[in-house]
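Colleague: Have a look at this one.
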Amino acid sequence: MGDNGHQEDNVPELNHLFSFRKIADAVSPYNVARYVVFGVPFDGTSSFRRGSRLAPDTVRLAYDNLESFEFSYGVDFPSAAICDMGNLQVGEDVSEMVDTVESVIGTIMRSGKVPVMLGGEHSVTVGAVRNLPADTIMIIIDAHSDFRDEYMGNKLNHACVTRRALEILGAGRIFSIGTRSVSKEEYRSEEWKNVRFFTANEVRMKGISAAIQEIESRNPSRIYFSIDMDGIDPSEAPGVGTPEPYGLNAVDVRSLISHFAKRIIGFDIVEMTPVYDNGNTSMLAAKLIQDFIGSRETPQSLF
């Protein structure tokens, strides 16, 4: 099982923003860490099954049941230099929350570390994207296009994340994989063509390798990777806020992570809703964190 160790100190200018619960294997202090985990327990704009604010600590609890050594990667995670800052203290205002995430991730990235963010709803990702260098591409796992210009009167709603990311990154830099729920408004938008949406059906027909090859054709050197857990089929990830049938399988998501891991400069997992889970979704989310860090730490991609 995971080994809980002593964490000496976190970055002083961020300490007042966090509570202190952590994943097992996060035994390194901030100053020597290569990966910095933190939770954002926010679901203020969720529109169906709320409760993703409970996810960060539920994922940490599931992680406790994972082995600290992953033989597939040959990685001993307590030696991977992981720090867990705990959960951000958030209120009800989405704009304030996104600004706080932007500040926190900016600090982590300027320190030369890789942020691993646990949502919360998908709106938290906008704060991360604001920090990305201009040549970064974004890979999103999501059942929904999240391409509305606004939803329920709010441009920072969780249903608008891809649209906001496009405004920041520009055309041709976002690859959303697993799409199977799109509104007429989104589909008819003039901006639709500026994001590459891989439907779940397309992945099923052509294989995940086709998506990987198309993304590789852009020769990306830096990648931000965002996983909305509803991108994965509900049979494997039932505990999400807005489930959609006929989704991706978890092995394909792992293949994407493993292939691109060494170029990923930031990573998040969002939209898990523990009150609707049977335990599988939180365990999968925890394992995907290990897949990400393990793939970066191993000498070569294994999948």
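Colleague: Does ILE212 satisfy the criteria of being among the aliphatic types (A, V, I, L, M), touching a residue at least 24 places away in the same chain (Cβ under 8 Å) and under 23 Å from ARG60 (Cβ atoms)?
Modeller: Answer is no for this residue.
Colleague: Among the residues of segment 293-303, is there at least one that is aromatic (Phe, Trp, Tyr) and at pLDDT 95 or above?
Modeller: Taking every residue of segment 293-303 in turn, none turns out to be aromatic (Phe, Trp, Tyr) and at pLDDT 95 or above.
Colleague: Just wondering, is there one or more residues in segment 247-254 that are on the phi < 0 side of the Ramachandran plot, of a type in the set (Asp, Glu), at pLDDT 95 or above and assigned to a helix (DSSP H, G or I)?
Modeller: Checked against the condition, which is being on the phi < 0 side of the Ramachandran plot, of a type in the set (Asp, Glu), at pLDDT 95 or above and assigned to a helix (DSSP H, G or I), segment 247-254 yields at least one hit.
Colleague: For the subset of segment 46-61 comprising residues that are in a loop (DSSP other than H, G, I, E, B) and either at pLDDT 95 or above or of a type outside the set (Lys, Arg) (or both), which member is surrounded by the fewest Cβ atoms within 10 Å (Cβ to Cβ)?
Modeller: Result: PHE48.
Colleague: Would you call VAL94 under 22 Å from SER47 (Cα atoms) and in contact with a Leu (Cβ under 7 Å, 6 or more places away or on another chain)?
Modeller: Judged against the criteria, VAL94 is a match.
Colleague: Taking helices (runs of 4 or more DSSP H) that fall entirely within segment 175-233, which contain at least 1 residues that are buried (at least 20 other Cβ atoms within 10 Å of the Cβ) and under 19 Å from the mean Cα position of the chain (by Cα)?
Modeller: 200-206, 208-216
Colleague: Can you pull out the residues in segment 247-275 that are in contact with a helix residue (DSSP H, G or I) (Cβ under 6 Å, 6 or more places away or on another chain) and either of a type in the set (Ser, Thr, Tyr) or farther than 22 Å from MET138 by Cα (or both)?
Modeller: Listed by number, the residues that qualify are SER255, SER258, THR273, PRO274.
Colleague: Do any residues in segment 171-187 that are at negative phi and in contact (Cβ under 8 Å) with a residue 40 or more places away in the chain have Cβ atoms under 9 Å from those of residues that are aromatic (Phe, Trp, Tyr) and in a strand (DSSP E or B), where the two are at least six apart or on different chains, and which pairs are they?
Modeller: Final answer for the pair search is PHE175/PHE197; PHE175/PHE198; ILE177/PHE197; ILE177/PHE198.
Colleague: Within the group ASP43, ASP64, which residue is surrounded by 20 or more Cβ atoms within 10 Å (Cβ to Cβ) and among the charged types (D, E, K, R)?
Modeller: ASP43
This table checks each residue for (1) farther than 17 Å from GLY119 by Cα; (2) in contact with a strand residue (DSSP E or B) (Cβ under 6 Å, 6 or more places away or on another chain); (3) of a type outside the set (Ser, Thr, Tyr).
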site: HIS259; (1), (2), (3): yes, no, yes
site: LYS262; (1), (2), (3): yes, no, yes
site: ILE265; (1), (2), (3): yes, no, yes
site: VAL270; (1), (2), (3): no, yes, yes
site: VAL275; (1), (2), (3): no, no, yes
site: LYS287; (1), (2), (3): no, no, yes
site: PHE292; (1), (2), (3): no, yes, yes
site: SER295; (1), (2), (3): yes, no, no
site: PRO299; (1), (2), (3): yes, no, yes
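The values are calculated or read from the model by the stated rules, or taken from the named source; none is laboratory data. Keep in mind the model is a prediction, meaning the values are calculated, not measured. Glycine gets a Cβ as well: all are built from the backbone with ideal geometry, and neighbour counts include every protein chain shown.
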